[in-house]
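Down below is the structure, laid out as structure tokens.
Bear in mind these aren't lab numbers, they're just calculated from the coordinates by the rules spelled out. What you are looking at is a predicted structure, and each value in this text was computed from that prediction instead of being measured. Cβ sites come from the backbone with ideal geometry, for glycine too, and all protein chains shown count toward neighbours.
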Amino acid sequence: MRNDFMSRPNERDGSALLQIPSAFILPQDPRYVIKHVLIGQPVAVDRTILHLQQLRYADATTWARPLAIGEPLSIAPAPGDVISTLIRYFRIE
């Protein structure tokens, strides 16, 4: 099942802004939610998604379809959320 980013109007010029939706959590579900965001050149994002699948971490079909970032990206965390980033450099041959 593919998840798609939702959009809302950009207050500056009326174009759509990307929004990362909050995860839906059932009260009886004891699992924690983690949201992965890949930002980079399309080939690097695709390769990373495939690598995570090879590692059996995340099936490639569960990622949202890649969207071009033409406008500023706004991430609205849920109350109590934190953010941590990791930057990796790799060659694509």
Open item on the list: If I model a spin label as a point 7 Å beyond the Cα along the Cα-Cβ vector, how far apart are those points for Val45 and Gln28 in nm?
Closed with: 3.7 nm
Open item on the list: Can you order the peptides 28-34, 60-66, 48-54 by their average number of other Cβ atoms within 10 Å per residue, highest first?
Closed with: 48-54, 60-66, 28-34
- [ ] Please turn the phi angles of the stretch 50-63 into ³J(HN,Hα) values with the Karplus equation 6.51 cos²θ - 1.76 cosθ + 1.60 (θ = phi - 60°), one per residue in order, whole Hz, x for glycine and proline.
- [x] 5, 5, 5, 5, 4, 7, 6, 8, 8, 5, 4, 6, 8, 6
